[in-house]
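Since every read-out is calculated from the coordinates, none of them should be taken as a lab result. As the structure is a prediction and not an experimental result, all values here were calculated from the model. Reconstructed Cβ throughout: ideal geometry from the backbone, glycine too, with neighbour counts over all protein chains shown.
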Amino acid sequence: MSNFSAATLELLQRQIGHLTTQQLAAGGIGRSGRQQLVDNRVLDRPFKSVYRVATRRPTLEQRLVALSLAHPSGFVTGPTAGGYLGLRRMPRASQIHFCIRHDARIDIPVDVKVRQSTRIAPVDVRTLENGMRIASWARLLCDLAADLSKVSLTSIIDQALREGHCVLEELDAMSLRLCHPTRRGSELFRRTLMERGHRKPVDSHPELAVLNGLRARGVPAIPQDELLLPSGKRIRIDLAVPAVRWAVEVDVHPEHNRPSGVASDKQRDRQSHRIDWQVDRVTEEDLVDPETLFDELAANYRARVAAVAA
C-alpha cells in the first residue's frame, strides 16, 4: 500500500477496503497506477468505477459498499438493509435489494434484486461513514411493507420508534408521499400506521404478540405504562390496564432467569402489591401455547375488574 497517500489510506480503511476511480485519482493514482495495482493483485475491480483490496471472499457489508460506490444514485433497501441494521423479523433474502430510479439504466450483478422507484428524494437516503448508501429509516419501513406480514411490519415499526431511529410524523409523511394503489405494500403500510395509532412502542416482538392477543379478547391493554413504587423508584410496565391496576410483564430476556433478575422481579412485584397493582408474569415457555396463555390472561383481567368493582 506504499503507493497510497495517508489521506487515501484513511479513506480506504473507512470504506472497508474500497475506493472509486475518482478517489484514487484524487490521491494521485492514475490509470496506469490502478492497472499495476490490479496486476500485482493488490486490488481487484468488482465494478467498472470501483476498486477493492483483493480478497478471496468479500463480506456482505463489503459488497453493499461496492454496490453503493458504483451506483451512487441508488441505495440498499428491503430485507437487505433491515438485516444489516439489525431489525427483527427479517425474511432471509438470497439477493441484495437495491433501489434505483425507474428510468435508470445501470449494470447490476445477477445477485442483486432491483427495486425501481419513480420517487426518490434526499430524505429517502442516508450515506453511512463506510460509503454505503442505505434507505433512511422511514423509507426503509415503507419499503419493507412489500416484504412482510402485518404483524412483522408492526413489530419493526415499534422497534424503530423504540430505538429512536424515527418518529411517527416521519412515517406519516412517508406514507402520504409514497403510498399509491400501484405500489406494493402501500395499503399494508397505511393500515398498519392507522391501526397502531399513537400508542407507545413495545420493547419486543413477544410483547407485541401478547398485546395483540389481549386486545383481540377485549382487554384494553396499553404498552409501557409507568408506576411510581413506594420505594420512590419509577418503573415501566410492559403492558397494563391502569384503570384496574392490572399489569403483564413479558419476561423473555435472559436476565429474568438469572438469580439477580428473579430477585429484582420479585421485589418489584412486592412493591407493586403495596399500591394494589396485580402483576401477571409471562415467560418464554408460556408463549409456546399462546392462545391458551391469552385466554388465561384475559380471564385474570376480568377477575381483576370484578374484584376492583366489588
Exercise. How many lysine pairs in the chain, separated by 8 or more positions in sequence or lying on different chains, have Cα atoms less than 27 Å apart?
Worked result: 6
Exercise. How would you rank S155, S149, S260, going from fewest to most other Cβ atoms within 10 Å of each one's own Cβ?
Worked result: S260, S149, S155
For this session: Multiply the residue gap between A310 and D295 by 0.36 nm, knock off their C-alpha separation, and tell me the result in nm, one decimal place.
Result: 3.1 nm
For this session: Just rank T80, T127, fewest to most, by other beta-carbon atoms within 10 angstrom.
Result: T127, T80
Problem set entry | Over region 149-239, relative contact order from alpha-carbon pairs under 8 Å, at least 6 apart, % | 24 percent
Exercise. When the chain is fully extended, how far beyond the present Cα-Cα distance does I235 get from S149, taking 0.36 nm per residue of separation?
Worked result: 27.7 nm
Exercise. Extension gain E61-D225, at 0.36 nm per residue separation less the Cα-Cα distance, in nm?
Worked result: 55.2 nm
Seminar exercise, completed: From the Cα centre of region 271-310 to that of region 229-260, the distance in Å is 12 Å
For this session: State the Cα centre-to-centre distance between region 50-72 and region 137-209 in whole Å.
Result: 30 Å
